[in-house]
Amino acid sequence: MNDVIPEEKVVQRTRWAYGLGLLAALGVLATTLLSGLLLVRGLVRQQIAQRDAEALYATTLMEQLDLVEMNDGQIRSDEQIGFDAAVNASRLKGVIGIRFYNTKGVLTDSFPPTIQPQPLDRVAIQQVALLKTHSHFRRATPLSDIFIYLPQFTNNPTVFVPILEVTVPLHRSDSVTFLGAAQFIIEGGSIASEYMLMDHRLEQFAAILFAMAGLLLMALLWPAFHRMEKLNRNLVIHRDRLQRANEELALAARVSAVGSISAHLMHGLKNPLASLSHFVSLQDTENTSPDPGAWQDALTASHRMQALVERTLEVLCDVRGEATYELTVKELVSDIQKHVSGVVAQRQIELIAHAPGDCTLSSRTANLLSLILVNLMENAIEATPLGGSVSLSVSKEDERLRFRVRDTGAGFPEHLRAHLFLPCKSTRECGSGIGLAISKQIADYLEAKLELEDSTPQGCVWLLELPLSFCCRGSENT
């Protein structure tokens, strides 16, 4: 069939499937690890920023306690206490400045006065209104967004620096009344370095985890894909066997259907061929032909056809279960020699035969073997050049009777070996291309084995193995 995929392509597709499946699995693993890495990085960064926010919030509350307990004769409002506490807390290391906002998030003051006014983020307002801190890290913030004016602005006003904006609620330490918010602007170089170190460690951890998980995934998937490859190979083998079996069954059905027709045909040809042979013999005896050799060739051909008809009828009678007799393997070989002697003489080929004489076969088995061996011998004779040799040898080995047909031709065509016993276009003149296919069917019927044992530029060796159980009697090798 034209759409049948060869075994090599099936195996290749299985390996491609393994590679693509592994890549897909590694892609899912990488995506999962990357998502987890980004999530963990965001949470850790938030905790680092929130750590400074909580520290500033606690410091602001402590400063408020100190201001309340301070007895310097000054009367301070709650807003003033919160403002002073935030200013005192801004003296901590890294704090650049501070912005103050009222309860509605409107800027009211800044310290120092050179701090650039900026509106308060809506999320930050919502957080501090609930008396919670809010922090936001900016990796690259222009100095012009932080300060109104600096001397270096005249040379390079777009200097970028990392900062951390921490917004804390202002309220008395003994009250939950929201009085406003203070936004601390903190130099973020240390946090940026901490972020970079954390990212490096997370990337190392993710790479190690990906390598370990990838190796484990490959180890887990490899047996499954290896088993799939093996199953695909077996499936291809079974498919090829099934296809071959279907072709053989189709051939067997055609042979079976032709069997009855062959019997009538052979019976109808028997008498006309006998008459033709008798007529040719008379003409050759009387020497009435200007070319006596032509009559001799015609006589030889008629004898061969008559012998073929007789043999076919004999086999058909045996198959129908009529009375059988016994003959030795040596007699079988001798009979085959007689059958092909005419062709051997024409092609001037040396015919060599050897067979043990102590093994006896039933006529039914011998006739079926004869059909196979005659076909093999005729093929060998056709393949052997003039002056060559063809041999038929028989031996008993390993409880099997082995028939070997050797020729000295050019070897069996390489492109036909893959479909050795399937019907094809014959390479012989006037050949039908089904001789080997029919021989294989007959061999299978006899539970015998037919194969091309060897093929070289110096000739072919065909092997026909028959179980010794088909022999009526036999002994050791002779």
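Here, each number is a calculation from the coordinates, and none is a lab measurement. Everything quoted here is computed from the prediction, not taken from an experiment. Reconstructed Cβ throughout: ideal geometry from the backbone, glycine too, with neighbour counts over all protein chains shown.
List of remarks:
- Sequence-distant residues sharing a close amide H with Ala353 (under 5 Å, placed H): Leu392
- Whole-Hz Karplus values for the stretch 233-246 come out as 4, 4, 5, 5, 4, 5, 5, 5, 5, 5, 4, 5, 5, 5 Hz, taken residue by residue from phi with 6.51 cos²θ - 1.76 cosθ + 1.60 and θ = phi - 60°; glycine and proline positions read x.
- Selection from Ala443, Val374, His354, by position along the positive dipole direction of the stretch 324-478 (Cβ): Val374
- Dipole in debye (nearest 20) - the stretch 324-478, about Cα centre, beta carbon charges: Lys, Arg +1; Asp, Glu -1: 280
- Between His238 and Thr456, the FRET efficiency estimated from the beta carbon spacing at R0 = 30 angstrom works out to 0.40.
- All other residues whose Cβ lies under 14 angstrom from that of Pro119 are scored, Lys and Arg at +1 and Asp and Glu at -1, for a net of 0.
- Pairwise label distance in nanometres, Ser341 with Phe205, each label 7 Å out on the Cα-Cβ vector: 9.8
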